[in-house]
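The values are calculated or read from the model by the stated rules, or taken from the named source; none is laboratory data. For clarity, every value in this text was computed on a predicted model and none was experimentally measured. FYI the Cβ positions are ideal-geometry reconstructions off the backbone, even for glycines, and counts take in every protein chain you see. Side chains are part of the model used for accessible areas, which takes the heavy atoms of the whole protein and leaves out ligands, DNA and RNA. Shrake-Rupley method; radii C 1.70, N 1.55, O 1.52, S 1.80 Å.
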Amino acid sequence: FNRPDRIVIGADATPEGKRGLELIRQLYAPFTLNHDRTMVMDVRSAELTKYAANAMLATRISFMNELANLAEDLGADIELVRRGI
């Protein structure tokens, strides 16, 4: 929360969208002092970006769980495997 990898903001070109974008930038300003990782895009692209990021994370977790099961069956050390990949 205090050090976000990225901040994805969906905003349109309307006056309300521009005002909302400015308010969000002000809100996140203390968290982006060292690195501004804010990405601004249209609302639909931002929504899809967030869904895709969550799906990719879930896939990575599931993949590592499956590798852990396989490592257990094979007698391999999953921590060594994890560091290797």
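Laid out as a table, the results:
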| quantity | calculated |
| --- | --- |
| Boolean, R82 is more than 18 Å from the chain's Cα centre (by Cα) and surrounded by 10 or more Cβ atoms within 10 Å (Cβ to Cβ) | yes |
| Test: residue in the stretch 10-28 that is among the hydroxyl-bearing types (S, T, Y), assigned to a loop (DSSP other than H, G, I, E, B) and either loosely packed, with under 13 Cβ neighbours inside 10 Å or touching a Cys at 6+ places or on another chain (Cβ under 9 Å) (or both) | yes |
| Among the residues listed as L57, L48, L33, L70, the single one being in a loop (DSSP other than H, G, I, E, B), free of Cβ contacts under 8 Å to residues at least 12 places away in the same chain and open to solvent by 80 Å² or more (accessible area, probe 1.4 Å) | L33 |
| Condition met for V40 (more than 23 Å from the chain's Cα centre (by Cα) and either part of a helix (DSSP H, G or I) or surrounded by 10 or more Cβ atoms within 10 Å (Cβ to Cβ) (or both)) | no |
